[in-house]
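Just so it is clear, none of the values below were taken in a lab; they were calculated from the coordinates. Please read all numbers here as calculations on a predicted model, not as lab measurements. Backbone-built Cβ (ideal geometry, glycine too); neighbour counts: all protein chains shown.
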Amino acid sequence: MEEKKYKLGNYEFETLREYRQAQEDLKKIKYITDELDIHDPETALRLYNLMRSKQIRFKSEVGKSFFWCISDIVAENSQSMIRAKQNKQTEEKIEPIVETNWRRIIGLAFIVIAVICFGYYGICEIRDYRAAKKLENLQKVSEVNNIVTFTSTEEDSQTETETETETETEVTPPPILEEYAARHDQNPEMVGWLKIEGTQINYPVMQSSQDQYDYYLSHAFDKTEDMNGTLFVDARNNIIKRDTNLIIYGHNMKSGMMFGSLKSYLDQSYLDEHKTIQFDTIYEKGTYQIVAVCLSKVEYQDEDAFRYYNFLKAKDESAFNDYLANIRGLEVFGNGIDLKYGDQLLTLSTCNNYIEDGRMFIVAKKI
């Protein structure tokens, strides 16, 4: 009888104990990356020393991968640190008389840099605040429109049913839902709205052209530059003639904005409390139930590997089943919900630092 193997992302474990240890390490890594900027040289060096001295312990290959990731960051910065130290020692030997003056200059330079940093930080905070206010305004308008649309829909549903015909061709877009019409007029690249109850996720969803597929990584709803970006559907997706799998991308912001709160789904209890996703296209409403929370990475072009972000439309049942098998191999948590050929899927994708070029994604099916 073949022994059961346990998988966590791209890692495979022989025993349940090893699998549990990997889950514990993943929680530690999540806590560290949430609280600290691991790409800061001094922070990375402190983490490296703590892990080397066993003050921070990992018990699995997931933890080891994180350790090597920190080691790489330290190595990348070590050469510049060594050169800076050597230059300082040389200056002390050659110019001892002007040492005090150089220290004063360096001190002043640090003060200037600190002022600039605080100024930049303040600007970033203001930008984040403004971006948050814009989103709050959009969310408030959405809530008001939902109420208005609900009441009008109750009155007009019978009339709409009577006037529906089958004369529309496949290329003719259906009518835009009333609650999204005004915002669509403001930006015709808006294709829907994503909301998860009990979370910060309550945003418009955009879609740009394929030649500018990542436009909304750095632009807000109103197309102004914004480091938070905006949620957006894969440019290859077809919203009208709906593909099997719609993929929505968003930044993993430390502030929690955009998809910054998705990492909370790496906790089973959080998943149990937030199982449902509301994603409306501008043409129809949709409720989805989460099927799997997965970890993966961006693969190199010459690697023969499964790429979840390339599955948009199932050509046949065999292709769908191949996709499903790969997803089950990458899932960290699941709800035990079966998927079958013909189901309409939604994938939420964001970055995750558990491994270099790491990605976290959530798969849900329409119910």
Pull up all non-local amide H partners of TYR283: gap of 5 or more, or a different chain, and H-to-H distance under 5 Å with H placed in the peptide plane. LEU177
Over the alpha carbons of the stretch 181-338, what is the largest minus smallest coordinate on each principal axis, giving the biggest first in Å? 41, 35, 31
Which entries of LYS64/LYS254; LYS285/LYS315; LYS263/LYS365; LYS54/LYS195; LYS30/LYS366 show an alpha-carbon separation above 31 angstrom in the structure shown? LYS54/LYS195
Phi angles of the stretch 340-350, converted by Karplus (6.51 cos²θ - 1.76 cosθ + 1.60, θ = phi - 60°) into ³J(HN,Hα) in whole Hz with x for Gly and Pro, give 9, 4, x, 5, 9, 10, 9, 10, 9, 10, 8
Note the full-extension length gain between LYS7 and MET227 as 0.36 nm times their separation in residues minus their Cα-Cα distance, in nm to one decimal. 75.7 nm
Counting sequence-distant residues (5 or more places) and residues on other chains, those with an amide H built under 5 Å from that of GLU331 are GLY9
How do LYS254, LYS313 line up, fewest other C-beta atoms within 10 Å first? LYS254, LYS313
For the stretch 176-182, Karplus couplings with θ = phi - 60° (6.51, -1.76, 1.60), whole Hz, Gly/Pro x: 6, 4, 4, 5, 10, 4, 5
What net charge do the residues around TYR213 carry, taking every other residue with its C-beta under 10 Å from that of TYR213, with Lys and Arg at +1 and Asp and Glu at -1? -2
Between GLY229 and residues 5 or more places away or on another chain, the pairs with built amide H atoms under 5 Å apart involve HIS219
Can you sort TYR19, TYR249, TYR31 so the residue with the fewest Cβ neighbours within 10 Å comes first? TYR31, TYR19, TYR249
Across the stretch 48-56, in residue order, what do the Karplus-derived ³J(HN,Hα) couplings come to in whole Hz, using 6.51 cos²θ - 1.76 cosθ + 1.60 with θ = phi - 60° and x for Gly and Pro? 4, 5, 5, 6, 5, 8, 6, 6, 10
